[in-house]
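Heads up: the structure comes next, in structure tokens.
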Amino acid sequence: MARLDISLILYNIYVMEKIGYIDTPPNLDAVFAALADPTRRAILTRLAAGQASVNEIAEPFAISQPAVSRHLKVLERAGLIERGIDEQRRPATLKAEPMALAVDWLTQFREFWGKSFDQLDDLLLTLKQSNEQEPDNE
Amino acid sequence: MSDLPEYILDRVFDAPRDMVWRAWTDPALLARWYGPNVETIIHKFDLKPGGVWLNEMKWGDKSNCSKMTFQEVVAPEKLVWHHTMTDTDWNIAANPMMPDWPRILLTTVTFEENGATTNVRLTQIPFEATAAEIACFKEAMAGMDKGWGSGYAILDEMLRELRGSGNGK
């Protein structure tokens, strides 16, 4: 993935809203809570390979089908997956945007100071150089 | 000892402490590095306990404002401020995407001499936070250390898929 920066991320959210690609920005609190569980992350990994029914999702896990259903409900409420209308199968499909925004948010927070500090490194180098050669110009 | 979640960032800067301190406390210099890849405008910078730093980050026709209220100023060793996100009138405002992000982050920066270099430690912890704010920050902090690797893997997969299908429906 390309490098992310704060301006690009905020701009993307803005544009996605503007063009109607996302109606309202997803509630990232719900997305974070949903992603905080390792089973739910594993379910998302499974769904990244394609849509699947509850039975198909439950198969590789040592948990019951109702437990998987509960996890799916949390993921659905966070907007991370969509469920089909087929009453029997209700296949779950991954939705990319809320997760992209949540990961972007975290990246943005983590990189805010990191990238600012990189810029501070550059500034300090400039200050040191201008100190060395007498500060007679700006 | 508290169980508040804490964000810690350590960094060694290759410059003497006085110079590093100046880069943090002279608004003309601060604006040159604070904020990644954005134009930073410092509207007010009153370096004393109770004084405020009003900061705007601009990109294109959008901007993001924050207000920092200094709690401690100990030159050239320590800066403490309350970090808040605001609207363009400098009123504290929650992000609609992140209603439970802590309203106030208690931010502490220490500067320690280390030969010709300077050790800087930045910490941020939720201040006077609700249980929901603490939980939100905790999840976000925990997410930084673990689990997000797989988040990126899934995301890459999805982006490939979206590109393949010409942006979904």
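Within the stretch B:54-72, if we keep just the residues that are in contact with a helix residue (DSSP H, G or I) (Cβ under 8 Å, 6 or more places away or on another chain) and within 22 Å of B:A28 (Cβ to Cβ), the residue that is modelled with the highest pLDDT turns out to be B:M57.
For B:V52, state whether it is more than 10 Å from chain A (Cβ to nearest Cβ), of a type in the set (A, V, I, L, M) and crowded, with 16+ Cβ neighbours inside 10 Å.
So B:V52 fits the description; yes.
Of the residues making up the stretch B:12-25, one or more are surrounded by fewer than 18 Cβ atoms within 10 Å (Cβ to Cβ) and part of a strand (DSSP E or B).
Report yes if some residue within the stretch A:66-77 is of a type in the set (G, A, S), at pLDDT 80 or above and buried (at least 18 other Cβ atoms within 10 Å of the Cβ); otherwise report no.
Scanning the stretch A:66-77 turns up no residue that is of a type in the set (G, A, S), at pLDDT 80 or above and buried (at least 18 other Cβ atoms within 10 Å of the Cβ).
Could you check the stretch A:66-93 and list, in sequence order, the residues that are of a type in the set (A, V, I, L, M), assigned to a loop (DSSP other than H, G, I, E, B) and within 18 Å of A:N27 (Cα to Cα)? A:A78, A:L80 - these are the residues of the stretch A:66-93 that are of a type in the set (A, V, I, L, M), assigned to a loop (DSSP other than H, G, I, E, B) and within 18 Å of A:N27 (Cα to Cα). Considering the conditions (1) crowded, with 18+ Cβ neighbours inside 10 Å; (2) touching a strand residue (DSSP E or B) at 6+ places or on another chain (Cβ under 8 Å); (3) under 25 Å from B:A140 (Cα atoms), B:P36 is excluded by exactly one of them, (2). (1) more than 8 Å from chain B (Cβ to nearest Cβ); (2) within 17 Å of the chain's Cα centre (by Cα); (3) more than 30 Å from A:A58 (Cα to Cα); (4) not charged (D, E, K, R): which one isn't true of A:T126, the others all being true? Against the list (1) more than 8 Å from chain B (Cβ to nearest Cβ); (2) within 17 Å of the chain's Cα centre (by Cα); (3) more than 30 Å from A:A58 (Cα to Cα); (4) not charged (D, E, K, R), A:T126 comes up short only on (2). Criterion first (under 30 Å from B:E133 (Cα atoms) and of a type in the set (A, V, I, L, M)) does A:I43 satisfy it? Criteria met by A:I43. For the stretch A:68-109, the candidate set comprises residues that are in contact (Cβ under 8 Å) with a residue 12 or more places away in the chain and β-branched (V, I, T); within that set, the residue that is nearest to the other protein chains (Cβ to nearest Cβ) is A:T107.
Yes/no matrix, rows are residues, columns are (1) surrounded by 17 or more Cβ atoms within 10 Å (Cβ to Cβ); (2) touching a residue at least 12 places away in the same chain (Cβ under 8 Å):
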{"residue": "B:K67", "(1), (2)": "yes, yes"}
{"residue": "B:Q71", "(1), (2)": "no, yes"}
{"residue": "B:M85", "(1), (2)": "yes, yes"}
{"residue": "B:D89", "(1), (2)": "no, no"}
{"residue": "B:A94", "(1), (2)": "no, no"}
{"residue": "B:I104", "(1), (2)": "yes, yes"}
{"residue": "B:F111", "(1), (2)": "yes, yes"}
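For the stretch B:31-47, the candidate set comprises residues that are facing chain A (nearest Cβ under 9 Å) and in a helix (DSSP H, G or I); within that set, the residue that is nearest to A:W113 (Cα to Cα) is B:W33. A residue that is at pLDDT 95 or above and of a type in the set (A, V, I, L, M) cannot be found anywhere in the stretch B:89-102. Applying the condition of being in a loop (DSSP other than H, G, I, E, B) and within 14 Å of chain B (Cβ to nearest Cβ) to the stretch A:46-65 and asking which residue is nearest to A:A92 (Cα to Cα) yields A:Q51.
The residues on offer are B:M68, B:M57, B:M85, B:M97, and the sole one that is touching a Gly at 6+ places or on another chain (Cβ under 8 Å) and of a type outside the set (S, T, N, Q) is B:M57.
The values are calculated or read from the model by the stated rules, or taken from the named source; none is laboratory data. Every value quoted in this text rests on a predicted model; they were computed, and no experiment measured them. Neighbour counts are summed over all protein chains in view; Cβ atoms, including those assigned to glycine, are modelled from backbone coordinates with ideal geometry.
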